[in-house]
Amino acid sequence: MTIKQVFTGIAALVCFSGVAHAQSANTFFVTTGWFHFAPLDSSGPLKETNVGGTPLNISVPNTGAGLSNADTGGFTAGYFVTDHIAGEFVIGIPPTFDLKGEKSFSQYGTLGTAKQWSPTLLLKYYFLAPQSKWRPYVGIGVTRVWFTDAQITNSAFEANVLHGPTDVSTDRSWAPVFNGGLTYSFNDHWFVGFSLSFVPLHATAKLTSQSQTPVGTLTVHSEAKLTLNPIVTYLNVGYRF
């Protein structure tokens, strides 16, 4: 064996070991990229639940609302527990969704806006060997979802349907996350990734309106139940260390 062959073998072994280490147990990684939210939404009718302190259960027929698509930036941080199993924390800059009127409310167009928070924990299983450049994976996890800065922005809808100035709140909920994706490694550290997630998610929007009547201000409480079920796309670049 020549000296050249020895050095060639050592160089190959070092390169192989570096790639394997980059995707193996006890490896940390971070990513940043673009999230796209596409809700598969539907809703129940608007329901008046209380007028002037009197409990009611009146549904307004042929009414509904849905959410627009939204885009935002995001970040993740993860750790390979084994060569194939990793845990990951995911968070995005809260995207702003438009609330769109549907059925008889469609004449009003955009009814309001809200920002969504949904930090997520994932447990992911990576296929193929640690040294593979392409590594598909599947994952499952849980997310905590809530909305902030929710407001009605359509004055005609607020006056004609909700009886006056309206405050909006939403409940907080836990939801499962079903995830799958693929990464491609450029070298020991840098990689790009793509993933799809499905989140079975329900939310209730609660509306409190102040209606002006001849005898004074009347408080009207209403609510609408929304099924959101977003498909979340994440295109990212990452670094392992």
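Data for the structure
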{"read-out": "Candidate set from the range 46-57 (those that are among the β-branched types (Val, Ile, Thr) and over 21 Å from Ala203 (Cβ atoms)); member that is nearest to the chain's Cα centre (by Cα)", "value": "Val51"}
{"read-out": "Residue in the range 127-143 that is surrounded by fewer than 18 Cβ atoms within 10 Å (Cβ to Cβ), on the phi > 0 side of the Ramachandran plot and touching a residue at least 12 places away in the same chain (Cβ under 8 Å) present", "value": "no"}
{"read-out": "Among the candidates Thr76, Thr113, Thr82, residue that is touching a residue at least 24 places away in the same chain (Cβ under 8 Å), of a type in the set (Ser, Thr, Tyr), in contact with a strand residue (DSSP E or B) (Cβ under 7 Å, 6 or more places away or on another chain) and closer than 30 Å to Asp188 by Cα", "value": "Thr76"}
{"read-out": "Yes/no for Pro95 being surrounded by 20 or more Cβ atoms within 10 Å (Cβ to Cβ), modelled with pLDDT of 95 or more and farther than 29 Å from Pro61 by Cα", "value": "yes"}
{"read-out": "Flag for Ser132 being within 30 Å of Glu223 (Cα to Cα) and among the polar types (S, T, N, Q)", "value": "no"}
{"read-out": "Selection from the range 74-105 of residues that are over 13 Å from the mean Cα position of the chain (by Cα), among the aliphatic types (A, V, I, L, M) and in a strand (DSSP E or B)", "value": "Ala77, Ile85, Ala86, Leu99"}
{"read-out": "Selected residue (criterion: nearest to the chain's Cα centre (by Cα)) from residues of the range 154-174 that are surrounded by fewer than 18 Cβ atoms within 10 Å (Cβ to Cβ) and among the polar types (S, T, N, Q)", "value": "Ser173"}
{"read-out": "Residue tally, condition exposed (fewer than 15 other Cβ atoms within 10 Å of the Cβ), under 37 Å from the mean Cα position of the chain (by Cα) and in contact (Cβ under 8 Å) with a residue 40 or more places away in the chain, over the range 192-218", "value": "2"}
{"read-out": "Residue within the range 194-202 that is part of a strand (DSSP E or B), at pLDDT 95 or above and within 24 Å of Lys100 (Cα to Cα) present", "value": "yes"}
{"read-out": "Residues of the range 14-47 classified as modelled with pLDDT of 95 or more, of a type in the set (Phe, Trp, Tyr) and surrounded by fewer than 18 Cβ atoms within 10 Å (Cβ to Cβ), total", "value": "2"}
{"read-out": "Residue list for the range 162-180, filter: in a loop (DSSP other than H, G, I, E, B) and farther than 15 Å from Thr213 by Cα", "value": "Asp171, Arg172"}
{"read-out": "Condition broken by Thr183, with the remaining ones in (1) of a type outside the set (Phe, Trp, Tyr); (2) touching a residue at least 40 places away in the same chain (Cβ under 8 Å); (3) not in a strand (DSSP E or B) satisfied", "value": "(3)"}
{"read-out": "All positions within the range 144-153 that are crowded, with 19+ Cβ neighbours inside 10 Å and either over 19 Å from the mean Cα position of the chain (by Cα) or not aliphatic (A, V, I, L, M) (or both)", "value": "Phe147, Ile152"}
{"read-out": "Output for the range 219-234, where each listed residue is under 22 Å from Asp71 (Cβ atoms) and exposed (fewer than 15 other Cβ atoms within 10 Å of the Cβ)", "value": "Ile231"}
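Yes/no per residue for (1) touching a His at 6+ places or on another chain (Cβ under 6 Å); (2) assigned to a loop (DSSP other than H, G, I, E, B); (3) among the hydroxyl-bearing types (Ser, Thr, Tyr); (4) farther than 19 Å from Ala38 by Cα:
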position: Thr72; (1), (2), (3), (4): no, no, yes, no
position: Lys115; (1), (2), (3), (4): no, no, no, no
position: Gly139; (1), (2), (3), (4): no, no, no, yes
position: Asp149; (1), (2), (3), (4): no, no, no, yes
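The values are calculated or read from the model by the stated rules, or taken from the named source; none is laboratory data. Remember, predicted model here, so these are calculated numbers, not experimental data. Don't worry about glycine lacking a Cβ; one is built from the backbone with ideal geometry, like all the others, and counts go over all protein chains shown.
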